[in-house]
Each structure stands twice: as C-alpha cells, then as structure tokens.
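Undergrad: One structure, pasted below without further comment.
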Amino acid sequence: MRLRRRSHQPLAFQYFFGIGLLIVGVLIGIDFPDIDQRTVLLNHRSLLTHGFIAPVILFRFVYLYRSAVPRLFGVGVCTALLVHLAFDLFPRAWTGFALLTVPVFGRTSALFSKIWLVLSVIVLFYLTLLLIQTLLEFLLATGSLILSVIAYAPGEPAVIEPVLLMTVCAIVVVAILPSPGGVIARKFGVVVWRLRRIF
C-alpha cells in the first residue's frame, strides 16, 4: 500500500483553501451527472456519469494527500453527487429518460437503475467517510450535504423520500463499514444523544 503524501502547509491554510475547494466540489458534483446531456458521446442518464465510477477515480488521487485541501474537494464532489443520485431515485415514473443507459447496450431496466443508484449513494457515502479525518471535516461534510439538498430539492417531484433514503444509507455505512469519518460520526452521535437527554 502506498504511503500517503505528507503536507507541510499550516493547518489554517489548509482549511481556508480547503473550504473554498469544498464549495467548488459541491458545485461540480451537484451538476456532474447531467454533463451527459451536453455531449453527443453519451445518452441522458448515462451509467458513466450517474454513479460511483468517476468519484472512485477522483478518490484514488485525493486520498494520497494528508492535506485537507484536496480531500475537502473530494468530499464536496461526493456529497453533492450522492444528493443528485438520491433524488434521481424518485422520478415521476420509471420510464424513458428516468432509466439509466449503458454505452452500446442502451437503456437498462427500472430494477437495474434502482440498484445501481442505491449502490452508488452507499459507495459515495463511504468514500466521503474515508476522506474525513477530523471533526471539523465531518461538520463541513454534513454542511455540504445539507446545502446540496437545499439547492437541489426545489422543483423535484419528491423531497422527503430522497432525504430518508440518504439517512438510512448513511446510518448503514457508518454502522457497518470501517472508516475514520465513521468513527467520528459515531462519537458525534453519542455526544448529541447525551446532550439531548440533558436538555
């Protein structure tokens, strides 16, 4: 396993620019799946853009760095993209452009589309938790997730269902899959629960 690259940047510098790149990542991630509509090479709802393939490639590069700057960019992309895909799971009807397409093969079935999108949401949550190293990064990731929902929800046919789906997926990933962010999330949850009992 390759060693992660050390960062010699001051922590304040890392988070100052990291938050900026987090926002850039959110802006890219929230719209990334729909770039298939702007190219003749892909059909709408292409499996290549509506899924975890591109984020896994991105993760491979940003995870090598100890610096928060590239990692927060990855967090922004992953959280915004998973929000987009969660909402795509609740179209008005599972016909036509709601179905995923595979290059050469064509449109897939509704069942395959649902399974792929749910799997992608789970993988993206896990990639996010693998990138998170501190409580501040966890809070920033949570904030980017909430802001992505607020930005993407208007005009969508369903809102409550995607939010519930993301909540369930997040709980499953945190509870089952090992990750630095998952450890932080569990500790944070315990603190919040204890404070709730106090108040």
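FYI, it's all coordinate maths here, none of it is from the lab. This is a predicted model, so every value here is computed, not measured. Cβ sites come from the backbone with ideal geometry, for glycine too, and all protein chains shown count toward neighbours.
Undergrad: Which FRET efficiency value, to the nearest 0.05, do you get for Ile171 and Arg92 by plugging their Cβ-Cβ distance into 1/(1 + (r/R0)^6) with R0 = 22 Å?
TA: E between Ile171 and Arg92, to the nearest 0.05, is 0.20.
Undergrad: Oh, and also: Mind checking the full-extension length gain between Phe61 and Ile150? Use 0.36 nm per residue of separation minus the Cα-Cα distance, one decimal, nm. Don't jump to the answer; show the numbers that get you there.
TA: Values: separation 89, 0.36 × 89 = 32.04 nm, distance 2.89 nm.
Contour length minus the Cα-Cα distance gives 29.2 nm.
Undergrad: Quick check: the angle from helix 160-176's long axis to the longest principal axis of the chain, C-alpha only, nearest 10 degrees?
TA: 50 degrees
Undergrad: Using only Cα positions of the stretch 141-195, each an equal point scatterer, no hydration layer, compute I(q)/I(0) via Debye at q = 0.13, 0.27, 0.31 Å⁻¹ and quote the log10 values to two decimals.
TA: The Cα Debye sum returns log10 ratios of -0.41, -1.12, -1.20.
Undergrad: Going by amide H atoms built from the backbone, whose H comes under 5 Å of the H on Ser46, apart from near neighbours?
TA: Counting only residues 5 or more places away or on other chains, the set is Thr101.
Undergrad: Against the longest alpha carbon principal axis of the chain, how many degrees, from 0 to 90 and to the nearest 10, is the axis of helix 135-152 turned?
TA: It is inclined by approximately 30 degrees.
Undergrad: Further question: So what's the angle, to the nearest 10 degrees on a 0 to 90 scale, between helix 11-31 and the longest Cα principal axis of the chain?
TA: Here the helix axis deviates by roughly 10 degrees.
Undergrad: Non-local amide H neighbours of Tyr65 (under 5 Å, H modeled in plane, Pro and chain starts lacking H): which ones?
TA: Answer set, sorted by chain and number: Arg5.
Undergrad: Treat every Asp and Glu Cβ in the chain as -1 and every Lys and Arg Cβ as +1, leave all other atoms uncharged, and give the resulting dipole magnitude about the Cα centre to the nearest 20 debye. Write out the running numbers ahead of the final one.
TA: Working: 17 positive and 7 negative charges, 166 e Å.
The dipole of the chain has a size of about 800 debye.
Undergrad: Across the stretch 11-198, what fraction of all alpha-carbon pairs, as a whole percent, falls in each successive 5 Å bin from zero upward?
TA: Spelled out per bin, shortest first, that is 1, 8, 16, 20, 20, 15, 10, 6, 2, 1, 0, 0.
Undergrad: Determine the gain in length on full extension of the stretch Phe188-Asp34; use 0.36 nm per residue of separation and subtract their C-alpha separation, reporting nm with one decimal.
TA: My answer for the length gained is 52.0 nm.
Undergrad: For the chain, what is the calculated [θ] at 222 nm in deg cm²/dmol (nearest 500), taking -39500 (n - 2.57) for each run of four or more DSSP H residues and dividing by its residue count?
TA: Computed ellipticity for the chain at 222 nm equals -22000 deg cm²/dmol.
Undergrad: May I ask for the net charge around His50, where only other residues with Cβ less than 10 Å from the Cβ of His50 are counted and Lys, Arg are +1 while Asp, Glu are -1? The partial results should precede the final answer.
TA: Values: positive: Arg45; negative: Asp34, Asp36, Asp88.
After counting each charged neighbour, the total is -2.
Undergrad: Taking K and R as +1 and D and E as -1, what net charge do the other residues with C-beta under 15 Å from the C-beta of Leu165 add up to?
TA: Net local charge, Leu165 excluded: -2.
Undergrad: For a quick check of your reading of the filter: which chymotrypsin sites (Phe, Trp or Tyr not before Pro) in the stretch 39-68 sit in a DSSP loop and have no more than 14 other Cβ atoms within 10 Å?
TA: none
Undergrad: Within the stretch 9-116, which trypsin sites (Lys or Arg not before Pro) sit in a loop by DSSP and count at most 13 neighbouring Cβ atoms inside 10 Å?
TA: Numbers: sites: Arg38, Arg45, Arg60, Arg66, Arg71, Arg92, Arg107, Lys114; in loops: Arg45, Arg66, Arg92.
Of the trypsin sites (Lys or Arg not before Pro), the ones in loops of the stretch 9-116 whose Cβ has at most 13 other Cβ atoms within 10 Å are Arg92.
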